[in-house]
1. Would it be correct to say that S531 is surrounded by fewer than 16 Cβ atoms within 10 Å (Cβ to Cβ), at pLDDT below 95 and within 27 Å of K137 (Cα to Cα)?
2. Do we find that F154 is surrounded by fewer than 18 Cβ atoms within 10 Å (Cβ to Cβ), of a type outside the set (S, T, N, Q) and touching a residue at least 12 places away in the same chain (Cβ under 8 Å) in this structure?
3. Report every pair of residues separated by at least 6 positions or lying on different chains whose Cβ atoms are under 9 Å apart, first residue within segment 178-198 and in a loop (DSSP other than H, G, I, E, B), second hydroxyl-bearing (S, T, Y).
4. Quick one: count up the residues across segment 536-578 that are out of contact with any His (no Cβ under 6 Å at 6 or more places or on another chain), small (G, A, S) and part of a helix (DSSP H, G or I).
5. Check segment 495-502 and report whether any residue there is under 20 Å from D574 (Cβ atoms), crowded, with 23+ Cβ neighbours inside 10 Å and at pLDDT below 95.
6. Out of the residues in segment 464-483 meeting the condition of being under 33 Å from the mean Cα position of the chain (by Cα) and open to solvent by less than 30 Å² (accessible area, probe 1.4 Å), tell me which one is farthest from R52 (Cα to Cα).
7. Counting only residues that are closer than 13 Å to V225 by Cα and in a helix (DSSP H, G or I), how many does segment 168-177 have?
8. Testing A68 on (1) open to solvent by 30 Å² or more (accessible area, probe 1.4 Å); (2) under 30 Å from L119 (Cα atoms); (3) part of a helix (DSSP H, G or I); (4) small (G, A, S), one condition comes back false. Which one is that?
Amino acid sequence: MLKERLDEYIRNTRQIRILSYPDPSKLDGAAEYSRTLRANFIKIGEIAQINRAILSDVLEPVLSSDQALTPETIDELNRFSSSLLDASSVESIDIPLSYHVSSRLMKYAVRSGDTALKLRQADYLISGSYSMVNMAKRFGFGQEACAPFREQGFMAADYIRQFCDPDSLASLESEELRELVLVNSRFSVCLYEGNSEDPVCCQENIDTLKRSISMADNPDIRSLVPDYDWRYHRFRAMEYIAAISEHNNSRGCTLESRRYISDVCDELLRIWDSDPEYYRNLSPRIYIRLAAMRNAYLCGRTDRDEYLEMLAELYRECEDVGQTFIAAEEVFYIIGIPLEYIYALERPSGFVTEENDRVFTSKAAEKLTEEQIRTLTRFYMVIEKRALYTIGTRSLSYLLEFLSLLLIHFIKVPEVSFKRFCLSAMRVLHPPTYVHTCMVGELSKCLCHYVIKYDPTRLAGFNGLNTAEEIRSHKDDILSFTEDAALCHDFGKIPLIDIIFVYGRNLFDFEFDLIRRHTDIGMTLLEYNSSVSRYRDIAGGHHKWYNDKSGYPFSFSIRESEIGPLISIVACADCMDAATDSIGRSYSRGKSLDEYIHEVEDGAGTRYAPYLPDLMKRPEVYESLRKILNERREDYYRLTYDKLTCRSMSEVL
């Protein structure tokens, strides 16, 4: 019974993912695309009810039971958790639910006092915690979001680590458990990811991996695991060392550490080349080459211009027809190499210091050359065409990890703006969110137009404009600002797309907390990119109530913002589209415009600006809004279909 219902949940979740993203190339035109989405989301609603029942009526009672669990039940729950995570293929189905199951089972194992069970559950919890750290670090842009998951992972790792000496390892009855200890002696260092500018943690990471490698030279340990693949073990541990300085040395390795890491990378290349047939099954050679190039640059052994040329050449090699990659590897080279290129552009030539030399600017340190502009443009085009369109929702979590970093560090070029790149990413990764964004842009512009026409002083203070005459004379500028700002209002959702994809169950509390961060994430992204930084308050405040007494983020104040009146307009447009959408944002019929206006009346002066109900009930305004809601949403889905099927950056942007 348990196995069948949990398998049903997995099948349903996979089906929901497919239904929420129908392949446009297999549909006959934009009209069918729109109809299919509407029908699919109705079907998703039906499947979601079944999945919620499985979790509430089958899974949770087992996880919450005070009764002893049979070994078969524990095995089944672990199999379910692993199937949701599927870390080996980087195509996770539901990371948070997998973590939830493994965390509950770890608590059960601790209560049981069974050493073997605790070791196995600690192993599962480390994998789940690492996946959650990877997910959370792209939301918080810092350590706070990762902290609770890292803490759980290290707790499990500390328990396993006490068995690393020969005597403790020998006390374990099975070779399977001993190998589990050895694997986690290296794998658990992945939990350090997301730490920022902490040289002490960097050294701890290196020292842990050195100890793991040294175990291969201990004859007492080797005798306890005669079938263990020590060659694989040593190579993987060295790979983890090579990765410590990734993402612009964000963890803050000292120059001494970087020199050591660079030496390890050189040795890794020699090892790989000694037996390509064996090692290509572990890692593509480009992984090792990129790590070697990066660390040689970070410790001053390669100058910046040479490094930039090497990265561009490596990218060209990866684009060769003969290169074949699985989805995760493709993400790595399509976005990972451009990220390294951008990181290098953020540093002045010759910039290497004795200690931490991390740079966080989101802009080029020096004026870009024509060649650098061409290279960046090429990168962005390939990312849009291949990483987004070709990979799509495969390896989604891994894709979003790299894409989030790219958005933070995005360096604009004449042919590709930050705003257009984000809209393209939305359109590909979650079409309903893209259509919603376009609708909010149009509804906001419409509302603003009529505010200027009938009550312009509501916008007093914007850009130093105070009188009705001044505001009306700058109407076009205000409308352009409002529409552009509204189009940027949900950019903070891009790193959250995989949580937005969670249609088949209720969200966990920490997922709600993460989703609420999309306003802070949006503000951060816009702040880092000068071309859209003036819209930051729209991204930050569109979920805050008019009276500042509710909504989120708590620290944001509409009344203190210089564009507070425009935030109220965008907030109204945002809620209007969400409330009336019946295609891609809800499983039931959306509200009518009249029902939504009634909602605004009930919230006038608290949630919504007090003048909005009367404005929206004006016949001219009402008719304009009705037309947008009745016609433009379908138009935007047709446009989305056309964009998704053209697959060309020049056409899309």
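The values are calculated or read from the model by the stated rules, or taken from the named source; none is laboratory data. As the structure is a prediction and not an experimental result, all values here were calculated from the model. For neighbour counting, all protein chains shown are included, and Cβ atoms are generated from backbone atoms with ideal geometry for every residue, glycine included. Only protein heavy atoms, including side chains, enter the accessible area calculation; ligands, DNA and RNA are left aside. Shrake-Rupley method; radii C 1.70, N 1.55, O 1.52, S 1.80 Å.
1. Values: surrounded by fewer than 16 Cβ atoms within 10 Å (Cβ to Cβ): yes; at pLDDT below 95: yes; within 27 Å of K137 (Cα to Cα): yes.
Considered against the rule, which asks whether it is surrounded by fewer than 16 Cβ atoms within 10 Å (Cβ to Cβ), at pLDDT below 95 and within 27 Å of K137 (Cα to Cα), S531 comes out as yes.
2. Numbers: surrounded by fewer than 18 Cβ atoms within 10 Å (Cβ to Cβ): yes; of a type outside the set (S, T, N, Q): yes; touching a residue at least 12 places away in the same chain (Cβ under 8 Å): yes.
When the stated conditions are applied, F154 passes them.
3. Pairs found: E193/Y130; G194/S250; N195/S250; S196/S250; E197/S250; D198/Y192.
4. 6
5. Looking for residues that are under 20 Å from D574 (Cβ atoms), crowded, with 23+ Cβ neighbours inside 10 Å and at pLDDT below 95, one finds at least one in segment 495-502, hence yes.
6. So the first thing to find is which residues in segment 464-483 are under 33 Å from the mean Cα position of the chain (by Cα), and the list is 478-483.
Add one more test, that the residue is open to solvent by less than 30 Å² (accessible area, probe 1.4 Å), and what stays is 478-479, 481-482.
Numbers: I478: 46, L479: 44, F481: 42, T482: 40 Å.
The extreme case among them is I478.
7. Residues of segment 168-177 that are closer than 13 Å to V225 by Cα, as a first pass: 169-177.
Then drop every residue that is not in a helix (DSSP H, G or I), which leaves 169-170, 175-177.
Qualifying residue count for the region: 5.
8. Of the numbered conditions (1) open to solvent by 30 Å² or more (accessible area, probe 1.4 Å); (2) under 30 Å from L119 (Cα atoms); (3) part of a helix (DSSP H, G or I); (4) small (G, A, S), the odd one out for A68 is (3).
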